[in-house]
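Report on the following structure.
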Amino acid sequence: MMNQHTGSGRAVVVGGGVMGSQIAAHLVNVGWQADVLDVVSTDGTDRSSMASAGILRAAKLRPDPFFAPSDKSRIRAGNTTDNLDWMAGADWVIEAVVESAEIKRSVLAAIEGAAGPTAIITTNTSGLSISDMSAGRSDSFRERFFGTHFFNPPRYMRLMEIIPTPETSPAVLEQFTGFSEDVLGKRVAYAHDTPGFIANRLGVFAMMRTVHAALKYDLNVETVDALTGPLIGRPKSGTFRLCDICGLDITADVAANLSSRLVRDRYHSSLDLPEPMATLLEQGRIGEKVGAGFYKRLPDRQILALDWATLNYRPRHDARLSRFADVRALPLAERLRKLLADTSPEAMFLWEVLRDLLCCASDISAEIADTLPAIDNACRWGFGWELGPFETLDALGLRWFAERVAEDGLAVPACVEQALQTGADSFYTAMDGARLCVDVTGAPPRSEIVEAPKFLSLARVRGSGGVIRETPDLSLLDTGDGILCLEFHSKMNVLGDGISAFIDASREEAERNGAALIIANQGEHFSAGFNLQLVLMGIYERDWDSMLNLGQRLQLALLRLKRARVPVVAGVHGYALGGGCEVMLHAARVVAAAESYIGLPEAGVGVIPAAGGTTELVVRALAGMPPAAGVDAFPYVHRAFEAMGMAQISSSARGAVSLGYLRPDDIQVANSDAVVATTRAIALEMASQPWHAAEPAAISAMGSDGIARFDLELHIMRRSGYISEHDALIGHELASVMCGGNLPHPSTVTEEYMLQLEAEAFVRLCSTVKTAERIKTMLETGRPVRN
């Protein structure tokens, strides 16, 4: 039976379309074998051509559904006429054909006759009835059958909705949930078998309601996207850009399905297709996949926006919403309250959209899920919202919301009234270190929210009095059992001026009163690097001595971290770039989420890694050399030179191993939400054994001969036009450090010696005009410039 330990197995995916092929891609990402079956093509010449074409289409998608290009070779393509026997030995059969209940029922009947007696059988659907699909199937089939709603793209989207039927075995569900979380890396929300389940029921409603309100208030598409993006805690795609990405045709189909099955729903009219959207569909303007929808992308990459009046495209208007500039930096709860207190058309639009979404979620909560947290989780994990509907209501205040809804002449949802009757102004409360939520079943009034230990929450640690010391950007937490946690919590977790002293203080505290130190956080990213704004300020001030001292302080803090008298374990997810990567490189062990993007891209902004990253990659490269005398070190150092000189960033944790940023014995976990708990467990295990601090490394430096070999490569690349003159200078400075400087012959040098070379090279590059231009452009545009 599949469970959290089932790291390998074989699945058959029936349906090689957009979702089926990407589900198969993600299965091979995590170590499974996958077969894809589709119908035989009309000409029948290549009987697996339909499935093969789906796999090839998936391989061309961006973002890439595969961890590595070679993974697609582990997918076998077949057809539903000749290859049904492949199901006999499969652990899991996933039906992912077109969204038609009749077709799905037919496919499931064929699966029942071919699959083994213990195989899990699931349907991937965005909202069709799971029970209806299983009608007529055997008792054994129905015990092993349920819905698994992957979100697109399956590799990247965190949410999986699991939709059981009354006949589904609870034991099967429990074990499959562990598999989904620990092997597939998903967060699971249990949904009731109702139209659209949780996420699509609310997400499509919210999208369609927003389009109707935009037309009512005559707000252009850019303004609406600015209002419904990060300003209210939503992804930057907003509403209309998101609709283009999803496809207007897909959105309209799901809305039509919901509308046909929810004819008595209070919010039914909001699912009606707005006239401009219907016209776009008739004209084939269905979004990103055809280059035109609410926005149009021109061949020169310019993006135009739709004009409501003419339905033609025009240059985009400025949608920075200066009226709300003063609230952007506020915490989300305070920001929402201030936005909705405004009286402008934009604020009234936001109030109507949020009011109706929150009322809808409250009214149907018991219909779509067992608990309110399941609904909040589905919206956060499925759509990237910072707050789910009931968390948003708490942020606004239930009493304030109820009074304003009543002022609008609307009925206050019973769910809100019920929560207010408990005497609280929120659905969620904290009591004695526990988190409680209103129970929509009504008995008991409030239930404790119990998180699995593998999803350890640093917010809970903080709320339970676990803070040892703290600044606006950094915290040191006590997670218990002597395991301290150094947490970054600045914007993008960039590292600032106080990082060196805080790292030193955290290490000293762990050495003095702890058993181990972990470096981890639960922001969007581990760390996007050092604050480039500080570097640019130093360049403008031309205070080279201060810049040198700042860099050397961070170098030595990280070197002391590497040589700490207790284990130091880094927990990485998202971006670990530049200075963030260098922090990670100095940990004794790393736990990395599969979705980790790790690298030292400093060359792109005109400098080299100078917080010990260059030195550490050389140490690791040389450690891979055979011990025999006379071995040429150049090929080993060259690999690290390429990674840094070409600013290579891994596209996954697995890719980071091949680039040398992660060691083969570092731990990779599928679920990014499990990184902190896993990091803590590894640190606890390491602390239970005798700990031997890292010894200073003796580095075999090639000296001037090695620099000359690198310079020759750079010269050829420069002459061929592959790199610019400034790229060549950066490459020379990088090579000079990696070879130990201009030594007349190969020598053994210390890490401290190499670090000095790093810092000096960094400052020399900062003193050039072109490096200043690169940093300035990156800060202004977010993109590197080649100059």
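Scanning the stretch 696-738 for residues that are farther than 17 Å from Leu765 by Cβ and touching a residue at least 24 places away in the same chain (Cβ under 8 Å) returns Pro696, Ala697, Ala698, Ile699, Ser700, Ala701, Met702, Gly703, Ser704, Asp705, Gly706, Arg709. Beta carbons closer than 7 Å, at least 6 apart along the sequence or on distinct chains, pair a first residue in the stretch 209-237 that is in contact (Cβ under 8 Å) with a residue 60 or more places away in the chain and on the phi > 0 side of the Ramachandran plot with a second that is part of a helix (DSSP H, G or I) and surrounded by fewer than 18 Cβ atoms within 10 Å (Cβ to Cβ) for Gly233/Leu332.
Conditions tested, residue by residue: (1) in contact with an Asp or Glu (Cβ under 6 Å, 6 or more places away or on another chain); (2) within 30 Å of Gln522 (Cα to Cα); (3) surrounded by fewer than 20 Cβ atoms within 10 Å (Cβ to Cβ).
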{"position": "Gly655", "(1), (2), (3)": "no, yes, yes"}
{"position": "Asp665", "(1), (2), (3)": "no, yes, yes"}
{"position": "Val675", "(1), (2), (3)": "no, yes, no"}
{"position": "Glu695", "(1), (2), (3)": "no, no, yes"}
{"position": "Glu725", "(1), (2), (3)": "no, no, yes"}
{"position": "Leu729", "(1), (2), (3)": "no, no, yes"}
{"position": "Cys739", "(1), (2), (3)": "no, no, no"}
{"position": "Ser747", "(1), (2), (3)": "no, no, yes"}
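When each of Asp326, Asp318 is tested for being closer than 28 Å to Gly287 by Cβ, under 33 Å from the mean Cα position of the chain (by Cα), surrounded by fewer than 16 Cβ atoms within 10 Å (Cβ to Cβ) and not small (Gly, Ala, Ser), the lone residue that passes is Asp318. Candidates are the residues of the stretch 180-199 that are charged (D, E, K, R) and touching a strand residue (DSSP E or B) at 6+ places or on another chain (Cβ under 7 Å); the one that is nearest to Gln4 (Cα to Cα) is Glu181.
Considering the stretch 111-167, and only residues there that are of a type in the set (Lys, Arg) and touching a residue at least 40 places away in the same chain (Cβ under 8 Å), the residue that is surrounded by the fewest Cβ atoms within 10 Å (Cβ to Cβ) turns out to be Arg158. Hey, does the stretch 389-404 have a residue that's acidic (Asp, Glu), surrounded by fewer than 16 Cβ atoms within 10 Å (Cβ to Cβ) and at pLDDT 90 or above? Taking every residue of the stretch 389-404 in turn, at least one turns out to be acidic (Asp, Glu), surrounded by fewer than 16 Cβ atoms within 10 Å (Cβ to Cβ) and at pLDDT 90 or above. Restricting attention to the stretch 252-276, the residues that are surrounded by fewer than 19 Cβ atoms within 10 Å (Cβ to Cβ) and under 17 Å from Thr194 (Cβ atoms) total 9.
Can you confirm whether the stretch 506-514 contains a residue that is of a type outside the set (Gly, Ala, Ser), within 19 Å of Leu659 (Cα to Cα) and at pLDDT 95 or above? No, every residue in the stretch 506-514 fails to be of a type outside the set (Gly, Ala, Ser), within 19 Å of Leu659 (Cα to Cα) and at pLDDT 95 or above.
Residue-wise test of (1) over 29 Å from Pro117 (Cα atoms); (2) open to solvent by 40 Å² or more (accessible area, probe 1.4 Å); (3) in a helix (DSSP H, G or I); (4) not β-branched (Val, Ile, Thr).
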| site | (1), (2), (3), (4) |
| --- | --- |
| Ser8 | no, yes, no, yes |
| Gly20 | no, no, yes, yes |
| Asp35 | no, no, no, yes |
| Ser41 | yes, no, no, yes |
| Arg47 | no, yes, no, yes |
| Ala51 | no, no, yes, yes |
| Ala58 | yes, no, yes, yes |
| Arg76 | no, yes, no, yes |
| Thr81 | no, yes, no, no |
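Only residues that are outside any loop (DSSP other than H, G, I, E, B) and surrounded by 13 or more Cβ atoms within 10 Å (Cβ to Cβ) were counted across the stretch 449-468, and they come to 9. Going through the stretch 496-555 one residue at a time, which ones are part of a loop (DSSP other than H, G, I, E, B), over 28 Å from the mean Cα position of the chain (by Cα) and at negative phi? Within the stretch 496-555, Gly514, Ala515, Asp543 meet the criteria.
For the stretch 599-614, the set of residues classified as of a type outside the set (A, V, I, L, M), open to solvent by less than 10 Å² (accessible area, probe 1.4 Å) and in a loop (DSSP other than H, G, I, E, B) consists of Gly606, Pro609, Gly612, listed by residue number. Filtering the stretch 209-251 to residues that are open to solvent by 50 Å² or more (accessible area, probe 1.4 Å) and either among the small types (Gly, Ala, Ser) or part of a helix (DSSP H, G or I) (or both) leaves His212, Leu215, Lys216, Pro230, Arg241, Leu242, Ile245, Cys246, Ile250. Output yes when any residue across the stretch 678-692 is under 36 Å from the mean Cα position of the chain (by Cα) and within 23 Å of His26 (Cα to Cα), and no when none is. Taking every residue of the stretch 678-692 in turn, at least one turns out to be under 36 Å from the mean Cα position of the chain (by Cα) and within 23 Å of His26 (Cα to Cα). Looking at the stretch 739-757, which of the residues that are of a type in the set (A, V, I, L, M, F, W, C) and free of Cβ contacts under 8 Å to residues at least 60 places away in the same chain is nearest to Leu622 (Cα to Cα)? Applying the filter and picking the extreme gives Val749. Of the residues making up the stretch 375-388, just one is surrounded by fewer than 20 Cβ atoms within 10 Å (Cβ to Cβ) and among the small types (Gly, Ala, Ser), namely Gly384. The set of residues in the stretch 637-653 being under 16 Å from the mean Cα position of the chain (by Cα) and open to solvent by less than 10 Å² (accessible area, probe 1.4 Å) consists of Ser650, Ser652, Ala653. Among the numbered conditions (1) open to solvent by 70 Å² or more (accessible area, probe 1.4 Å); (2) modelled with pLDDT under 95; (3) on the phi < 0 side of the Ramachandran plot; (4) of a type outside the set (A, V, I, L, M, F, W, C), the only one that Asp432 does not meet is (3).
For the stretch 761-787, residues that are more than 23 Å from Leu548 (Cα to Cα) and in contact (Cβ under 8 Å) with a residue 24 or more places away in the chain total 3.
The values are calculated or read from the model by the stated rules, or taken from the named source; none is laboratory data. What you see is a predicted model, and the numbers here were worked out from it, not measured in a lab. Backbone-built Cβ (ideal geometry, glycine too); neighbour counts: all protein chains shown. The area values use the complete protein model at the heavy-atom level, side chains included, leaving out ligands, DNA and RNA. Shrake-Rupley method; radii C 1.70, N 1.55, O 1.52, S 1.80 Å.
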